[in-house]
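A short worksheet on the structure shown next.
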Amino acid sequence: MKSDFPHIAMATLCGWFGITRQAYYQQNQEDIQSTIEEALIIQEVRKIREKHPRMGGRKLYHLLFPFMQEHCIKMGRDALFTMLSENHLLIRKRKRTIRTTNSYHRYKKYPNLIRDFIATAPNQLWVSDITYWRINTDKHVYISFITDVYSHKIVGYHVAETLAVVETIQALNMALLALGPTRPVQLTHHSDRGFQYCNPAYVKLLQHYNIGISMTENSDPLENALAERINGIIKEEYLSAYEVNTIKEAKALLGSVIELYNNERPHMSIGNLKPNQLHQSNVPIETRRLWKNYYQKQLTFVNQS
């Protein structure tokens, strides 16, 4: 490397700043190495974001960790966040503006049965919710989700142009179909008190499968926190990154997004596993993970046995 002062010896310049020539060259080499490593990580981040366009920094760090080990790159999570910020790769949350729950209706409302419940296996507790999706400048569609609390897998979903109960039932039918011929011994379905979930047609289908019915009892979002969280993940991390103009396009994109979410996106609240991975019980028996319970303000260890 040449001096910026061509008529002054490098040794003299280093002496002015109290460093040796060896330290100078070593620092420059480290700077070059750091630049290369950052370029590699940014390239990998962009590659991940091709499928998961609004994935947050913590999830990125988990997915990047094997890549960094393979390339002998040492970078902590805070350093990654700083690098993402400097390269304008951090994601900002968007505010929800449309209400999809109408609990002022004549149908029977059910009590909250899951206040002290902790799921220890798949298909013990499902949570449901409906959210809107703006698909162009002047139109919204509505997505019904059913999520397994234990694995965080989306087991049922449906997108429609209205909030009619027949549309919400489509998501429930998908979840029930995925159960196969063997039905769970005890399964509870939890939702808000919207008219779709209290409608006799929806209730009758749950009762036909001997599924317990649980509902929120006030407007506290913590009463259906996981369902609200899933809404945000699918909309903010995935759907908001695409332009969709028709219901046909919306259905195709949503199906692809759910596949990515269920099979590729890690969750810190389930030990950084992927939802489908855990739902299918592909976790070593001896593994113990730290789980987050969305319905109690505490952390619980669950033994995978």
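The values are calculated or read from the model by the stated rules, or taken from the named source; none is laboratory data. Computed from a predicted structure; not experimentally measured. Neighbour counts are summed over all protein chains in view; Cβ atoms, including those assigned to glycine, are modelled from backbone coordinates with ideal geometry.
Criterion first (in a helix (DSSP H, G or I), at pLDDT 75 or above and not basic (Lys, Arg)) does Ala79 satisfy it?
So Ala79 fits the description; yes.
Here is a check on your reading of the model: is Ile135 within 18 Å of Thr188 (Cα to Cα) and either buried (at least 18 other Cβ atoms within 10 Å of the Cβ) or touching a residue at least 40 places away in the same chain (Cβ under 8 Å) (or both)?
Here the answer is no, as Ile135 does not meet what is asked.
Got a sec? Which helices (runs of 4 or more DSSP H) wholly within region 225-282 have at least 3 residues that are outside the structural domain of Trp133 (by TED's automatic domain parsing) and not aliphatic (A, V, I, L, M)?
Result: empty, no element qualifies.
Given the condition in contact with a Phe, Trp or Tyr (Cβ under 9 Å, 6 or more places away or on another chain), modelled with pLDDT under 75 and either acidic (Asp, Glu) or more than 30 Å from Glu217 (Cβ to Cβ) (or both), answer yes or no: does some residue in region 23-41 qualify?
Scanning region 23-41 turns up at least one residue that is in contact with a Phe, Trp or Tyr (Cβ under 9 Å, 6 or more places away or on another chain), modelled with pLDDT under 75 and either acidic (Asp, Glu) or more than 30 Å from Glu217 (Cβ to Cβ) (or both).
List every residue pair whose Cβ atoms sit under 8 Å apart, with the two residues 6 or more apart in sequence or on different chains, where the first one lies in region 64-79 and is in the same structural domain as Arg46 (by TED's automatic domain parsing) and farther than 16 Å from Gln43 by Cβ and the second, anywhere, is aliphatic (A, V, I, L, M) and assigned to a helix (DSSP H, G or I).
Qualifying pairs under 8 Å: Lys74/Met68.
I'd like to know if region 206-218 contains one or more residues that are of a type outside the set (Gly, Ala, Ser) and at pLDDT below 90.
yes
Please identify the pairs in which a residue from region 211-223 that is closer than 17 Å to Phe195 by Cα has its Cβ atom under 6 Å from the Cβ atom of a residue that is at pLDDT below 95 and of a type in the set (A, V, I, L, M, F, W, C), counting only partners at least 6 apart or on another chain.
Note: pairs meeting the criteria are Ser214/Leu113; Ser214/Ile114.
Given Glu86, Glu44, which one is of a type in the set (Asp, Glu) and modelled with pLDDT of 75 or more?
Being of a type in the set (Asp, Glu) and modelled with pLDDT of 75 or more holds for just one of Glu86, Glu44, which is Glu44.
What is the residue count in region 220-259 for residues that are buried (at least 21 other Cβ atoms within 10 Å of the Cβ) and more than 25 Å from Ser191 (Cα to Cα)?
Total meeting the criteria: 0.
I'd like to check which strands (runs of 3 or more DSSP E) are fully inside region 127-217 and have at least 2 residues that are touching a strand residue (DSSP E or B) at 6+ places or on another chain (Cβ under 7 Å) and among the hydrophobic types (A, V, I, L, M, F, W, C).
Ranges flagged: 139-148, 154-160, 212-215.
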